[in-house]
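The values are calculated or read from the model by the stated rules, or taken from the named source; none is laboratory data. Values in this document were obtained by computation on a predicted structure and should not be read as measured data. Don't worry about glycine lacking a Cβ; one is built from the backbone with ideal geometry, like all the others, and counts go over all protein chains shown.
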Amino acid sequence: MARNVLLITTDQQRFDALGCNGGAFARTPNIDALAATGLNYTQARNQSTVCMPARSTILTGQSIRRHGVTSNGIPLPEHAPNIAQLLADNGYRTALIGKAHFEPHAAKTYFENTAAGDGSTGPHRGFERMELCGHTGRAGRSLFHYPKWLADAHPDAVEGFHEYAVGGAPSNAGWGDTGAPQVAHNPIAVEHYHTHWTAAADHGLVGRIGGYGQLVLLDELSRPPSPLGPARRRREAV
């Protein structure tokens with residue numbers, strides 16, 4: 001019997017940020033447990049230090065020179081080889097929850113930027129379903145499913161979704177215990193925070209379609225990159 005596949009990725013997380021790899025600053029018990037009971041590849045090499053080239057390599061299995069996404073802002077060609085499409089063609093149910101970023105975030109001509117506003121979850125790029133979240137995604141530049149859900153269901157919590165730390169953004173002011181930028185004390189409830197939303201969407205999706213056959217679920221967490229504004233209850237638990 002074919003196996004289900006769950007691929008979890010995080011953004012901008014160094015090798016030594018994890019407890020299983022010697023990190024001592026942040027506690028990562030769940031990843032540490034996976035490493036203790038599985039394989040920890042200590043010599044793995046990322047293809048790029050920025051999002052779109054690295055993510056395109058994950059999806060295609062190709063080097064950057066081969067798939068052509070040499071920097072952010074260059075969309076992955078639609079005809080590029082695609083592991084999600086290959087598995088879908090062989091009977092798997094496929095989904096991506098969280099950050100995709102195979103397409104530039106600024107242009108409204110791409111599915112990733114228009115899907116939430118159009119009420120669409122796919123299919124797209126071999127994924128039967130996409131529910132998107134990222135460092136950005138508010139209406140006006142692009143609109144992803146998480147900020148739309150937050151604005152529709154919990155409008156009082158919208159200011160707890162901190163986007164890029166640019167001039168005028170909440171997280172660009174001095175915050176926290178040191179007055180440094182990008183470390184805001186965020187009052188948003190844990191259950192409304194975007195990483196929690198991503199996990200909840202995963203669980204709901206598995207419950208809805210997991211019983212129909214093999215499932216490939218790409219779980220793309222858009223943290224830990226800046227701005228670092230974790231929900232207050234999580235910060236106080238550290």
Subject >> Residue list for region 67-84, filter: at pLDDT 95 or above and outside any loop (DSSP other than H, G, I, E, B) >> reply: His67
Original post:
Listed residues Arg45, Arg93, Arg66; which is in contact with a helix residue (DSSP H, G or I) (Cβ under 6 Å, 6 or more places away or on another chain) and over 14 Å from Arg125 (Cβ atoms)?
Top reply: Arg93
Original post:
In region 104-127, is there at least one residue being part of a loop (DSSP other than H, G, I, E, B), under 25 Å from Val158 (Cβ atoms), touching a residue at least 40 places away in the same chain (Cβ under 8 Å) and charged (D, E, K, R)?
Top reply: no
**OP:** Kindly indicate which of Gln12, Gln47, Gln62 is on the phi > 0 side of the Ramachandran plot, surrounded by 13 or more Cβ atoms within 10 Å (Cβ to Cβ) and either assigned to a loop (DSSP other than H, G, I, E, B) or not charged (D, E, K, R) (or both).
**Re:** Gln12
**OP:** Kindly indicate the residue of region 59-116 that is of a type in the set (D, E, K, R) and within 16 Å of the chain's Cα centre (by Cα) and also nearest to Ala2 (Cα to Cα) among those meeting that condition.
**Re:** Lys99
**OP:** Can you confirm whether region 161-180 contains a residue that is closer than 26 Å to Glu103 by Cα and at pLDDT 85 or above?
**Re:** no
**OP:** Take the residues in region 15-40 that are of a type in the set (A, V, I, L, M, F, W, C) and not in a loop (DSSP other than H, G, I, E, B), then tell me which one is surrounded by the most Cβ atoms within 10 Å (Cβ to Cβ).
**Re:** Ile31
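Matching residues to (1) more than 29 Å from His196 (Cβ to Cβ); (2) crowded, with 21+ Cβ neighbours inside 10 Å:
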{"position": "Gly68", "(1), (2)": "yes, no"}
{"position": "Glu78", "(1), (2)": "yes, no"}
{"position": "Leu86", "(1), (2)": "yes, no"}
{"position": "Asp89", "(1), (2)": "yes, no"}
{"position": "Gly98", "(1), (2)": "no, yes"}
{"position": "Thr109", "(1), (2)": "yes, no"}
{"position": "Gly122", "(1), (2)": "no, no"}
Subject >> Enumeration of residues in region 19-50 that are aliphatic (A, V, I, L, M) and within 19 Å of Thr198 (Cβ to Cβ) >> reply: Ala26, Ile31, Leu34
**OP:** Determine whether region 48-69 contains at least one residue that is without any contact (Cβ under 8 Å) to a residue 12 or more places away in the chain and under 19 Å from Leu132 (Cβ atoms).
**Re:** yes
Original post:
Residues Ser63, Ser56: which one is farther than 28 Å from His196 by Cα and of a type in the set (Gly, Ala, Ser)?
Top reply: Ser63
